[in-house]
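See structure below.
The values are calculated or read from the model by the stated rules, or taken from the named source; none is laboratory data. Computed from a predicted model, the values in this text were never measured in an experiment. Here the Cβ is made from the backbone with ideal geometry for all residues, glycine too, and neighbour counts use every protein chain on show. We work out accessible area using only protein heavy atoms, side chains counted, and drop any ligands, DNA or RNA first. Shrake-Rupley method; radii C 1.70, N 1.55, O 1.52, S 1.80 Å.
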Amino acid sequence: MSETKSTQVSRPFGLLAEYKNPGKLMRAAKLVNRAGYTKYDAYSPFPIHGMDDAMGLKDSKLGWIVLSHALVGFSGGLFLQIWTSSIAYPINISGKPFINLPAFIPVTFELTILLSAFAAVFGMFFLANMPKHHNPLFNSDNFRKVTDDGFFICIETDDDLYNEAETEKLLMETGAMNVEKIYE
Amino acid sequence: MSNTSGYVKEEPLVQGNHTFGSITALVADIVERPTPMWWYIAFGISNLLMGLLLIMLGYLIWEGTGVWGLNNTVAWGWAIVNFVWWVGIGHAGTLISAILFLFRQGWRTAINRFAEAMTIFAVMCAGIFPAVHVGRIWVIYWVFPLPNQMQMWPNFNSPLLWDVFAVSTYFTVSLLFWYVGLIPDLATLRDRVKSKLAAKLYGVFALGWTGGNRQWQHYEKSYLLLAGLATPLVLSVHTIVSFDFAVSIIPGWHTTIFPPYFVAGAIFSGFAMVMTLMLIARKLYNLEDIMTINHIEKVNIIILLTGNMVGFAYIMEFFIAWYGGVEYEKFAFINRAVGPYAWAYWLMFCCNVFAPQLFWSKKMRRNIVVSFIISIIVNIGMWFERFVITVTSLAQDFIPSSWAYYSPTFVDVLTYVGTFGLFFTHFLLFLRFLPMVAIAEIKMVMPQADPHYYDENGDEPEPEKIAEEASKDKS
């Protein structure tokens, strides 16, 4: 086990195991999940399909965030047009009705999409814990490969089952190429 | 997004013997290499043109819209033509990034990043024209849902106001979509560049991306939702642009065919622009393994398809003008074909309907020189389509005494030329500083990205084992 160079004594964050390819990473994630760990993550340069099931993750809740914003956009857009053209300052435009619903469809639609899109992006940031510019994993030089061709699993010390010797043994058994201790 | 359905063997999307590492190097190292000489030359020219645009806009705002070639009946000239043309070009980017994503077309990953960049810059160019054509630009805030000095609100019955909402939403959503796609690749650059300052800057925009599956999970959901939102949005934008014309009662404009016809035309011209840019970029940056000849062929098929849809619309418009029996409508169309603007009409027809017919031949679809030439021809043709629609219907209106021939002034022409400066300045900056191909997505469509590609121990499959399995499938 190689240790990250660190001048001051800091709290350990977790154990980082590297795997050779997505196949091995997926297998290892399944085994770590079966062993009962909960505070771990599988890192890869691209999303690996089937990994959510391997890690036992629930579906993303993002859809609900987007739906709620879509409803706000829809009703807000409709309200804006109805209120301005029938209550705030009704203007007779070539005898058209003040509340001219067919004509209000485009703006209502665009505002629904606009708010949904904001929710889809910023909701994702919220759920994925971003922006978070410092991450203990960035202390590892080896981890820089994760955005190129590196596949990793990190089990965090916060996990109830975490025991340095046993966790390391488990990671080696799952087929890790190397295991590194990460400090905060 | 696996490219093997199991029934039909498809060409691999990435050609050459690439690993994940070599794909990263192929795309990300472009940013790290010294800036090539041609880039400085192209950037210099683009900057000059952008300066020209600023001068022309300054002159316009100082003097008023009288410096344009507008006359008493043609109140919409080049400004609207250019607006529709640029917005239309943008549509291909969203079509590639959203609609082809929903249809699980793996080949889109090679071109989606720069097609989306093209969308954003094209919409920027487009947005200039309606903003300055109002004449009194200092009251442009009247288009926003704010009460003016008389406490009056904008008229929500007006298609021009719908357009404001449609185009600004389109720009915002395209930008968000593009940025979300960029985040993992910005992280790649953050971890890769040697300069400390560059790593910091990329790092800020990468938002602390780690590539953990707990991030990918939400990321992929977000991407899917954005694709689902952008798909109806892109169709709505050109529909609403067509409403600017179709909701009026001008002969030649007041037709129900306009929304689908405009959307098809937008995709047609946008794909032509994607083709032009793709052919240049793949050559200059040696990306032939990612943007393969198969990609070119697929884009050409879409150009052929949408070109025929546009051609069908031209003929259908004519038919309905005759079949509908409205005298003014009939005149408007016959006048297009044989009147003073017949040269523009037939130029449009040849460029948009006849030229793409070459692509029925597989040889032509896979020929780079032919593809490049046709892509330019189509863009010229689509500009003339908007010119024909806008100008012919206005120049010969209901009263013959007010008929006049419309021609642009130098300000019209130079403003249009200047928008190319704006477009290419941004596009060159994008090529220089951002990954022009979606690195993470390209890796996803490689066979090695699928965990099932590996054997039960998670090792690379032996080559003869693959051959064996293939023979088993056949029997």
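List pairs: first residue in region B:364-379 and touching a residue at least 60 places away in the same chain (Cβ under 8 Å) and closer than 28 Å to B:VAL84 by Cα, second residue open to solvent by 60 Å² or more (accessible area, probe 1.4 Å) and in a helix (DSSP H, G or I) anywhere in the structure, Cβ distance under 7 angstrom, at least six positions apart or on different chains.
B:ARG365/B:ILE301; B:ILE374/B:LEU358
Considering only region B:67-114, how many residues are on the phi > 0 side of the Ramachandran plot and part of a helix (DSSP H, G or I)?
0
Out of (1) over 30 Å from A:LYS39 (Cβ atoms); (2) assigned to a loop (DSSP other than H, G, I, E, B), what's the single condition that is false for B:LEU161?
Single failed check for B:LEU161: (2).
Do we have B:LEU305 as at pLDDT 90 or above, farther than 18 Å from B:ARG386 by Cα, under 26 Å from the mean Cα position of the chain (by Cα) and not polar (S, T, N, Q) here?
The answer is yes for B:LEU305.
What number of residues within region B:64-105 are surrounded by 24 or more Cβ atoms within 10 Å (Cβ to Cβ) and of a type in the set (Ser, Thr, Tyr)?
Going through region B:64-105 one residue at a time, the tally reaches 2.
Here's the yes/no breakdown for (1) closer than 17 Å to B:SER158 by Cα; (2) among the hydrophobic types (A, V, I, L, M, F, W, C); (3) in a loop (DSSP other than H, G, I, E, B):
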{"residue": "A:PRO47", "(1), (2), (3)": "no, no, yes"}
{"residue": "A:ASP52", "(1), (2), (3)": "no, no, no"}
{"residue": "A:ASP59", "(1), (2), (3)": "no, no, yes"}
{"residue": "A:TRP64", "(1), (2), (3)": "no, yes, no"}
{"residue": "A:SER68", "(1), (2), (3)": "no, no, no"}
{"residue": "A:LEU71", "(1), (2), (3)": "no, yes, no"}
{"residue": "A:ILE82", "(1), (2), (3)": "yes, yes, no"}
{"residue": "A:LYS96", "(1), (2), (3)": "yes, no, yes"}
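Which one is farthest from A:SER10 (Cα to Cα) among residues in region A:120-131 that are crowded, with 16+ Cβ neighbours inside 10 Å and among the hydrophobic types (A, V, I, L, M, F, W, C)?
The residue in question is A:ALA120.
I'm told A:ARG144 meets every condition in (1) among the charged types (D, E, K, R); (2) within 19 Å of A:PRO47 (Cα to Cα); (3) in a strand (DSSP E or B) except one. Can you identify the failing condition by its number?
(3)
Taking the criterion of being in a loop (DSSP other than H, G, I, E, B), open to solvent by less than 20 Å² (accessible area, probe 1.4 Å) and out of contact with any strand residue (DSSP E or B) (no Cβ under 9 Å at 6 or more places or on another chain), would at least one residue in region B:292-301 satisfy it?
Scanning region B:292-301 turns up at least one residue that is in a loop (DSSP other than H, G, I, E, B), open to solvent by less than 20 Å² (accessible area, probe 1.4 Å) and out of contact with any strand residue (DSSP E or B) (no Cβ under 9 Å at 6 or more places or on another chain).
Yes/no per residue for (1) touching a residue at least 60 places away in the same chain (Cβ under 8 Å); (2) in contact with a strand residue (DSSP E or B) (Cβ under 7 Å, 6 or more places away or on another chain):
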{"position": "B:THR210", "(1), (2)": "no, yes"}
{"position": "B:GLU220", "(1), (2)": "no, no"}
{"position": "B:LEU226", "(1), (2)": "yes, no"}
{"position": "B:SER236", "(1), (2)": "yes, no"}
{"position": "B:ILE249", "(1), (2)": "no, no"}
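Could you please find all residues in region A:132-173 being polar (S, T, N, Q) and crowded, with 21+ Cβ neighbours inside 10 Å? Can you show your working first?
Step one: filter region A:132-173 for residues polar (S, T, N, Q), giving A:135, A:139-140, A:142, A:147, A:157, A:163, A:167.
Correct list: A:SER140, A:THR147, A:THR167.
Among (1) among the hydrophobic types (A, V, I, L, M, F, W, C); (2) in contact with a Leu (Cβ under 7 Å, 6 or more places away or on another chain); (3) modelled with pLDDT under 90, there is one condition B:VAL411 misses while meeting the rest; what is its number?
Among (1) among the hydrophobic types (A, V, I, L, M, F, W, C); (2) in contact with a Leu (Cβ under 7 Å, 6 or more places away or on another chain); (3) modelled with pLDDT under 90, B:VAL411 violates only (3).
Suppose the filter is assigned to a helix (DSSP H, G or I), buried (at least 23 other Cβ atoms within 10 Å of the Cβ) and within 9 Å of chain B (Cβ to nearest Cβ); does A:ALA117 pass it?
Yes: the conditions hold for A:ALA117.
Which is within 14 Å of chain A (Cβ to nearest Cβ) and of a type in the set (A, V, I, L, M, F, W, C), of B:PHE121, B:PHE156?
Within the list B:PHE121, B:PHE156, the selection yields B:PHE156.
Do we find that A:ASP159 is farther than 17 Å from A:ALA35 by Cβ, modelled with pLDDT under 90 and either part of a loop (DSSP other than H, G, I, E, B) or small (Gly, Ala, Ser) (or both) in this structure? Give the steps one after another, and end with the answer.
On the way: farther than 17 Å from A:ALA35 by Cβ: no; modelled with pLDDT under 90: yes; either part of a loop (DSSP other than H, G, I, E, B) or small (Gly, Ala, Ser) (or both): yes.
Answer is no for this residue.
Considering only region B:306-319, I want to know if a residue exists there that is within 13 Å of B:MET275 (Cβ to Cβ) and either of a type outside the set (Ser, Thr, Tyr) or surrounded by 20 or more Cβ atoms within 10 Å (Cβ to Cβ) (or both).
At the first step, the residues of region B:306-319 found to be within 13 Å of B:MET275 (Cβ to Cβ) are B:306-307.
Applying the additional criterion that residues be either of a type outside the set (Ser, Thr, Tyr) or surrounded by 20 or more Cβ atoms within 10 Å (Cβ to Cβ) (or both) yields B:306-307.
There is at least one residue in region B:306-319 that is within 13 Å of B:MET275 (Cβ to Cβ) and either of a type outside the set (Ser, Thr, Tyr) or surrounded by 20 or more Cβ atoms within 10 Å (Cβ to Cβ) (or both).
Identify the residue in region A:56-113 that is more than 10 Å from chain B (Cβ to nearest Cβ) and among the polar types (S, T, N, Q) and, among all such residues, is most open to solvent (accessible area, probe 1.4 Å).
A:ASN92
Mind checking which residues of region B:50-63 are surrounded by 15 or more Cβ atoms within 10 Å (Cβ to Cβ) and farther than 13 Å from B:VAL411 by Cα?
Residue satisfying the conditions is B:MET50 alone.
Which ones in region B:390-407 are surrounded by 15 or more Cβ atoms within 10 Å (Cβ to Cβ) and either of a type in the set (Ser, Thr, Tyr) or in contact with a Leu (Cβ under 9 Å, 6 or more places away or on another chain) (or both)?
B:THR390, B:THR392, B:SER393, B:TYR406
Hey, B:GLN151 hits all of (1) more than 8 Å from chain A (Cβ to nearest Cβ); (2) assigned to a loop (DSSP other than H, G, I, E, B) but one; which does it fall short on?
(1) is the only condition that B:GLN151 fails.
Only one of these conditions is not met by B:LEU197: (1) open to solvent by 50 Å² or more (accessible area, probe 1.4 Å); (2) more than 30 Å from A:ASN135 (Cα to Cα); (3) at pLDDT 90 or above. Which number is it?
(2)
Any chance you could count how many residues in region A:1-44 are in a strand (DSSP E or B), modelled with pLDDT of 85 or more, of a type in the set (Gly, Ala, Ser) and open to solvent by 10 Å² or more (accessible area, probe 1.4 Å)?
To start, the set of residues in region A:1-44 that are in a strand (DSSP E or B) comprises A:2-3, A:12-19, A:40-43.
Next cut, modelled with pLDDT of 85 or more only: A:12-19, A:40-43.
So of that shortlist, the ones also of a type in the set (Gly, Ala, Ser) come out as A:14, A:17, A:42.
Narrowing further to those that are open to solvent by 10 Å² or more (accessible area, probe 1.4 Å): none.
Of the residues in that region, 0 qualify.
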